[in-house]
Amino acid sequence: MKMFHNGMVVKLQSYHEKYLHAVDDQTSVIQGDNVATNNVKWRVESVPGSDTLIRLKSCYGKYLAASDEPFLVGFTGFQVHQTPPSGCPNSSIDWEPIRGGNQVVQLKNSRFSTFLRANNRSPPWRYSVTHKLPLGSSTKRLDWNLIIVATTEQSSFSRPKMQANQRVPAPAPTSGQGFMQSANQAINTANLAVHPTNQAAGFTNPQVSEAGNAPMGDTTPLDDGEHMPGASSGCCCNSNNTEHMPAVVAYKPPLSKSEKRLMVAKNAGKAVVHFASLVGAGAAVLALQSATGI
């Protein structure tokens, strides 16, 4: 009995319990969670003149297609993407379902004679989808569980409507992007470590944090020509007097032990942030060199 019928809507679940997912860029195809949108639903179309081949159309009206572009240089496997009907001059969008068990199917591409493959989560694969020839006796990454969403008479679905707070899974990042993300995470972690220390010491205002052991209070800087109430401006009121009085210097009491400990913690936090910034800068340079091949 045929597993696929023209017009039916299906989901394909991989060995990793992820679903064949059409990304909102209307080009990429990945493995995603079983979200409530139509991104994981595919409409089945029969290929004219064939009793065995099918086509899978995403909610964006584009076909699942196998390309001849390598997934990554130096790794086996080729890219799989969504292709508009006008860009399908060959059989790269035609797939032959091969039953592998109860509601389990493998999809063989008609043009390349390769199989749709669900990759694992480890870098650089990161739950990507490729097509390749099977290697060895293990074919579990080629197996897809067929989940029927709607039959021929019931099938109808449209492109998903994006919600304001909805997050969409993105294609797997390259090695350079992953390196930059690690560097940014290191800087953010350092900032989170320093923030509670500054807050406990009262350094909530950037100007206060630079004031050393100045008394806490209103830290708003004074405009030019404005003076603190009750303090001398450093000169006599008589404009004819050529002698100037010394400026009044505020008394700074010695730091207590607790204040000294807070000061040491603050300086240590600054050092951590500075170090993390250097790590991030180094990561950016390495990523740039890797991307440009310098």
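The values are calculated or read from the model by the stated rules, or taken from the named source; none is laboratory data. Remember, predicted model here, so these are calculated numbers, not experimental data. Neighbour counts run over all protein chains shown; Cβ positions are idealised from the backbone, glycine included.
Structural remarks
- Residue that is surrounded by the most Cβ atoms within 10 Å (Cβ to Cβ), among those in region 17-29 that are of a type in the set (Ser, Thr, Tyr) and not in a loop (DSSP other than H, G, I, E, B): Tyr19
- For the condition surrounded by fewer than 16 Cβ atoms within 10 Å (Cβ to Cβ) and assigned to a loop (DSSP other than H, G, I, E, B), Asp68 does not qualify.
- Only one entry of Val44, Val35 meets the criterion of being closer than 17 Å to Tyr127 by Cβ and in the same structural domain as Arg121 (by TED's automatic domain parsing), and that entry is Val35.
Condition check ((1) of a type in the set (A, V, I, L, M); (2) under 26 Å from the mean Cα position of the chain (by Cα); (3) assigned to a loop (DSSP other than H, G, I, E, B)) across all residues:
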{"residue": "Leu12", "(1), (2), (3)": "yes, yes, no"}
{"residue": "Tyr15", "(1), (2), (3)": "no, yes, yes"}
{"residue": "Arg43", "(1), (2), (3)": "no, no, no"}
{"residue": "Leu72", "(1), (2), (3)": "yes, yes, yes"}
{"residue": "Glu96", "(1), (2), (3)": "no, no, no"}
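- Here Met1 qualifies as of a type outside the set (Gly, Ala, Ser), modelled with pLDDT under 90 and out of contact with any helix residue (DSSP H, G or I) (no Cβ under 9 Å at 6 or more places or on another chain).
- Options Ile54, Ile30: the member that is more than 18 Å from Leu146 (Cβ to Cβ), out of contact with any Gly (no Cβ under 6 Å at 6 or more places or on another chain) and touching a residue at least 40 places away in the same chain (Cβ under 8 Å): Ile30
- Across region 30-53, the qualifying residues are those that are surrounded by fewer than 23 Cβ atoms within 10 Å (Cβ to Cβ) and aliphatic (A, V, I, L, M), and the one among them that is farthest from Glu69 (Cα to Cα) is Ala36.
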